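In what follows, a structure is listed as structure tokens, so that the remarks can point back to it.
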Protein chains: 2
Amino acid sequence: MSELAKKKSLTAKDWQEAALNVIAHQGVGAVAVEPLARALGVTKGSFYWHFSNRMDLVKQALKRWRENDNQLIEQNILPIKNPKKRLLAWFKLSAEPIQSHLIYSTLLADRSHAMISKILKEITLERLAHLQKSYKEMGYDNARAKSQSLLAYSVYVGFLHMAKTLYGALPGSTEAEDYAQFVAKQLIPS
Amino acid sequence: MSELAKKKSLTAKDWQEAALNVIAHQGVGAVAVEPLARALGVTKGSFYWHFSNRMDLVKQALKRWRENDNQLIEQNILPIKNPKKRLLAWFKLSAEPIQSHLIYSTLLADRSHAMISKILKEITLERLAHLQKSYKEMGYDNARAKSQSLLAYSVYVGFLHMAKTLYGALPGSTEAEDYAQFVAKQLIPS
DNA sequence: TATTGTCAATACGCTAGCGTATGGATAAGA
DNA sequence: TCTTATCCATACGCTAGCGTATTGACAATA
């Protein structure tokens, strides 16, 4: 028995995840109520029961995405004590072809809404802080750690785009691992 | 007497440049015929005299952008004989806050149309080839030059996004120059 | 002056998508 | 069984934008 057949009715979560799927591949601008309803096999009567409007869905979906993403980092990266190893793990994780990164790489240039820009800025600042902390723990002074983390994060951002632009998709785990190793060698002093 | 007052009627070029302005700040999806016509002080009767449809305008505008951009590179970067200096010049140029880079940084994540993806891929491959050539001239073997140029170009792409995301605009020439110096030190072996 | 070409205004029809209003179905409790 | 809450369908009005068709204004030119 399939998951779909089991379900009698939809939940807000179902809508959110459908929206995230669209965002990952076509961007926030492509999230439209009626097409989504069609894809889910219902009409928008259902949608407006769960959400007050289109933007409400987008907000909730992105909130869900951020929570998942933060969890990933908090569980897999932040606990690593050795800063060098922590950085390496971060590069490796960022190369993984998971939906979360797909969404991020789509959002990166989406300036269609002030809300999106705000979210992007917040996320970026958070992660820059993490990187900076790692570099400082490695003995860098403030200014150097800042420049270095900016560079490192640029590489991350650039990598997401390059992969999608060149291959139409994020790379497989194997190539990603190789690239992460190479980048780490460049950006983490030995 | 203003430029505008001098003009009796619009040319295709006027429409293209107006479109590029929109693309730079809101993306291709925001290029709409009627709003553009309003902004130019005419009606769409004019538009459909110059272009066959909306996509026709987008294509022509992007073509104009690419030509300008290529010219910039061909005149300022490629003539530099010393590969190390050429790379440094490239980093400096890429940090300049000009419209061309604004457009690129907007296009980077715009997957709304297959045509856009195609253009992005072509540009990326072209420039990767330039970088790769420089690194090879510096004595790198094929594989190493490839990885290194991928990294360098990722930094470029990432830089554009970071600047826009964090500060809402590309940085001024002075900060850009500083950052370019720092990046060059990291990515160009001495 | 008459003609032709260039650029723009006006007025259509058409579609997709937003949001609302209202009623129907179904399941859980009382 | 009757009621209530939950979820969805239907039908509506509304708007923005695309593209077409037709006519008008004006300048250059013959």
Original post:
So how far, in whole Å, is the C-alpha centre of segment B:51-107 from the one of segment A:131-147?
Top reply: 33 Å
Subject >> Sequence-separation-based contact order of chain A, relative, with Cα cut under 8 Å and 6+ spacing, percent >> reply: 24 percent
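Considering only protein heavy atoms and a 1.4 Å probe, what is the carbon-and-sulfur percentage of the accessible area of the protein assembly as shown? Could the numbers behind the result be given before it?
Numbers: 10330 of 18970 Å².
Its accessible area is 54 percent carbon and sulfur atoms.
Using the Kyte-Doolittle scale, which helices in chain B average at least -0.5 and also have C-alpha atoms spread 18 Å or more along the helix axis, with helices defined as whole DSSP H runs? Provide the component values of the computation, followed by the final result.
Details: long enough: B:12-26 (21 Å, -0.39); B:54-76 (33 Å, -1.45); B:114-137 (35 Å, -0.28); B:142-167 (37 Å, 0.22); B:173-187 (20 Å, -0.53).
Both cut-offs are met by B:12-26, B:114-137, B:142-167.
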Original post:
What is the mean number of Cβ atoms from other protein chains located within 10 Å of the Cβ atom of each residue in peptide B:108-119, rounded to a whole number?
Top reply: 4
**OP:** Pop a pseudo-label 7 angstrom from the Cα along the beta-carbon direction at both A:GLU126 and A:ALA30 and give the gap in nm to one decimal.
**Re:** 2.5 nm
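Where Lys and Arg each count +1 and Asp and Glu each count -1, what net charge lies around A:ALA30 among other residues with Cβ under 14 Å from its Cβ? Before the final figure, lay out the partial values.
Working: positive: A:ARG38, A:ARG54, B:ARG111; negative: A:GLU34, A:ASP110, B:ASP110.
That works out to 0.
Return the value, in Å² to the nearest 100, of accessible area buried between chains A and B (probe 1.4 Å, both sides summed). If you can, show how the numbers build up before the last one.
On the way: alone 10950 and 10950 Å², together 18970 Å².
Answer for the A-B pair: about 2900 Å² buried.
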**OP:** Starting from the eigenvalues of the Cα gyration tensor, five times each then square-rooted, give me the equivalent ellipsoid semi-axes of segment B:109-175, largest first, whole Å.
**Re:** 25, 19, 9
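Rounded to the nearest whole Å³, what is the per residue volume of the convex hull around the Cα atoms of segment B:51-160? Don't jump to the answer; show the numbers that get you there.
Details: hull volume 10.9 nm³, N = 110.
Measuring per residue, one finds 99 Å³ for the Cα hull of segment B:51-160.
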Subject >> Amide hydrogen neighbours beyond the local backbone of A:ALA109, cut-off 5 Å, H modeled >> reply: B:ALA109
Original post:
Other chains near B:125-138: what is the mean number of their Cβ atoms within 10 Å of each residue's Cβ?
Top reply: 0
Original post:
Taking the simple approach of a point 7 Å from Cα along Cα-to-Cβ for both B:ASP141 and A:GLU177, what is their distance in nm?
Top reply: 2.2 nm
**OP:** Give the peptides B:114-127, A:149-162 in descending order of average Cβ contacts within 10 Å, highest first.
**Re:** A:149-162, B:114-127
Subject >> Across B:LYS13/B:LYS133; A:LYS92/B:LYS121; A:LYS81/B:LYS146; B:LYS85/B:LYS146, pairs whose alpha-carbon gap is larger than 28 Å >> reply: B:LYS13/B:LYS133; A:LYS81/B:LYS146
Subject >> Radius of gyration, Dmax [the protein assembly as shown; alpha carbons; angstrom] >> reply: 22.5, 76
Subject >> Estimated 222 nm signal from helices in chain B, with DSSP H stretches of n ≥ 4 weighted -39500 (n - 2.57), rounded to 500 >> reply: -24500 deg cm²/dmol
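Tell me the net charge near A:ILE123. Cut-off is 9 Å between Cβ atoms, A:ILE123 excluded, with +1 for each Lys or Arg and -1 for each Asp or Glu. Spell out each step's value before the answer.
Numbers: positive: A:ARG66, A:LYS121, A:ARG127; negative: A:ASP69, A:GLU122, A:GLU126.
My count for the surroundings of A:ILE123 gives 0.
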**OP:** Go through B:HIS25, B:HIS50 and list them by solvent-accessible area, largest first, probe radius 1.4 Å.
**Re:** B:HIS25, B:HIS50
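The values are calculated or read from the model by the stated rules, or taken from the named source; none is laboratory data. Just so it is clear, the model here is predicted, and its values are computed rather than measured. Note that we place each Cβ from the backbone using ideal geometry, even for glycine, and neighbour counts take in every protein chain shown. For accessibility, only protein heavy atoms count, side chains too; no ligands or nucleic acids. Shrake-Rupley method; radii C 1.70, N 1.55, O 1.52, S 1.80 Å.
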